[in-house]
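The values are calculated or read from the model by the stated rules, or taken from the named source; none is laboratory data. Small disclaimer: the values here were computed from a predicted structure and weren't measured. Heads up, the Cβs are rebuilt from the backbone with ideal geometry, glycines too, and the neighbour counts pull from every protein chain shown.
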Amino acid sequence: MNTLKQLPRKTLHHFCENLSKLADDKKFTYWRLPTVERWEVALRSFWSIGLEQRLPDVLGIGVKKSGTNAVVHFLKQHPLIKVPHEGKEIHFFDKHYSSGIQFYKANMPLVNESQLCFEKTPRYFVTGGAPKNIAKDILPKPKFLLCVRDPVKRALSDWHHETLIKTIKGRGRSSGVRTAESEGKRFAQEVIRNDGTVNTRSDFIRTSIYDIHFERWLMYHSREQFLILEEEDISSDPYQEMKRIEQFLGIGSFFKKKMFAYNKGKQVMCFVHENHREDCPPRYGVKIPHPTPTKGVIQTMRDFYRSHNKRFEDMLGMKFYWSDL
Ligand SMILES: Nc1ncnc2c1ncn2[C@@H]1O[C@H](COP(=O)(O)OS(=O)(=O)O)[C@@H](OP(=O)(O)O)[C@H]1O
């Protein structure tokens, strides 16, 4: 029933009118029906006013910690883009595939014919079966938004995120003062082996090996289906990135430069509504310092990623400023 809350007031009014037409009984009230029937009545009514739930037209597939939340936050302001309730990640192709495609569809927003349905779950990028299952299940072919980031910075951000979550859940280290350096040391213990080489078994390292993951996507999808966005651009100039997305998706021009402003307190670019209210993308707290490993650790990681980055560039026909670092 969450979807009902997403409806604009006018549509909800129309929905109620349709409902009363459907019911012969004068005492009929929607809320007295059992939940399953309620949903059926609601869906019939939505169809009659041209709204439907359908599988995504556009998928945000990752990469984790590369500005994916900011992209959803800005893009959902576009009147022709609809996202699941509160931009929730549905995790269908990575966690809930066995629940079936109807489960996925039921989590989609209501859209009309001219609107596009957009779902993002960053884990899709690194999930083995996702490219194949998406090609099989989503027709016509979806478009993909893929956010990428300097692989070393991405790994550091990922580690920070997971440490924060562990701490919030009470599973983290509780004793001792946490400094950027001490966090850097713990990060190094995770990503560098005793013999000084990069620990390729660590998820923080593996997620950033973009060429290996993207190779699987190109087995089932064509390069033209992907728009590549860089976190560095999303954080510095989201307006330009939203214009690129509008063009890629072929949706009308909505975004204007004045809709984006830097919020000094939150230290991020935010969306500015017509009434001047600033709406910032969600961010995790910064109760734990971001890790700052030694220069040696950073260099070992950079040396490891260099050839992978080059290969990724060749696959995409693009150049990233971090690929030579
Ligand atoms: N405009 C804006 N608003 C908020 N956050 C922004 C923005 N642009 C980029 N970023 C940076 O993106 C990093 C989080 O990436 P994701 O949203 O993909 O994270 S997640 O995978 O969904 O958890 C996270 O990086 P770190 O701060 O380095 O951890 C954010 O700072």
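Only one of these is at pLDDT 75 or above, closer than 30 Å to Arg149 by Cα and not charged (D, E, K, R): Leu59, Leu51. Name it. Exactly one of Leu59, Leu51 is at pLDDT 75 or above, closer than 30 Å to Arg149 by Cα and not charged (D, E, K, R), namely Leu59. Of the residues making up the range 62-69, none is surrounded by fewer than 19 Cβ atoms within 10 Å (Cβ to Cβ) and modelled with pLDDT of 95 or more.
Counting only helices (runs of 4 or more DSSP H) that fall entirely inside the range 158-270 and contain at least 3 residues that are within 20 Å of the chain's Cα centre (by Cα) and closer than 22 Å to Lys120 by Cβ, the qualifying elements are 203-207, 210-220, 231-236, 238-249. The residue of the range 106-156 that is surrounded by the fewest Cβ atoms within 10 Å (Cβ to Cβ), among those that are more than 21 Å from Ser323 (Cβ to Cβ) and acidic (Asp, Glu), is Glu113.
Residues in the range 94-126 that are in contact with a Pro (Cβ under 7 Å, 6 or more places away or on another chain) and of a type in the set (Phe, Trp, Tyr): Phe118 alone. Do we find that Lys243 is of a type in the set (D, E, K, R), closer than 26 Å to Leu145 by Cβ, without any contact (Cβ under 8 Å) to a residue 24 or more places away in the chain and loosely packed, with under 14 Cβ neighbours inside 10 Å in this structure? So Lys243 fails the test. Just to be sure, is Met242 within 30 Å of Glu224 (Cα to Cα), of a type outside the set (Val, Ile, Thr) and within 13 Å of the ligand (Cβ to nearest atom)? Judged against the criteria, Met242 is a match. Residues that are assigned to a helix (DSSP H, G or I) and either touching a helix residue (DSSP H, G or I) at 6+ places or on another chain (Cβ under 7 Å) or not small (Gly, Ala, Ser) (or both) within the range 106-136 comprise Pro122, Arg123, Tyr124, Phe125, Val126, Ala130, Pro131, Lys132, Asn133, Ile134, Ala135, Lys136, listed in sequence order. Would it be correct to say that Phe320 is of a type in the set (Phe, Trp, Tyr) and within 23 Å of Gln115 (Cβ to Cβ)? In short, no.
Considering Ser323, Ser307, the condition of being under 16 Å from Val148 (Cα atoms) and hydroxyl-bearing (Ser, Thr, Tyr) is satisfied by Ser323 alone.
Would you check if there is a residue in the range 280-299 being touching a helix residue (DSSP H, G or I) at 6+ places or on another chain (Cβ under 9 Å), away from the ligand (no atom under 16 Å from the Cβ) and touching a residue at least 24 places away in the same chain (Cβ under 8 Å)? Among the residues of the range 280-299, at least one is touching a helix residue (DSSP H, G or I) at 6+ places or on another chain (Cβ under 9 Å), away from the ligand (no atom under 16 Å from the Cβ) and touching a residue at least 24 places away in the same chain (Cβ under 8 Å), which makes the answer yes.
In this structure, does Phe144 turn out to be away from the ligand (no atom under 13 Å from the Cβ) and either hydrophobic (A, V, I, L, M, F, W, C) or part of a helix (DSSP H, G or I) (or both)? Yes; evaluated as a whole, the condition is true for this residue.
The combined condition, being of a type in the set (Ser, Thr, Tyr), over 19 Å from Glu86 (Cβ atoms) and in a loop (DSSP other than H, G, I, E, B), is not fulfilled by Thr300. When the criteria are applied in full, Arg178 meets the requirement of being farther than 24 Å from Leu59 by Cα, at pLDDT below 95 and surrounded by 15 or more Cβ atoms within 10 Å (Cβ to Cβ). In the set (1) more than 26 Å from Arg277 (Cα to Cα); (2) part of a loop (DSSP other than H, G, I, E, B); (3) within 16 Å of the ligand (Cβ to nearest atom), Ser66 fails one condition alone, (1).
For Asp233, state whether it is charged (D, E, K, R) and touching a His at 6+ places or on another chain (Cβ under 7 Å). For Asp233, the condition - charged (D, E, K, R) and touching a His at 6+ places or on another chain (Cβ under 7 Å) - is not met.
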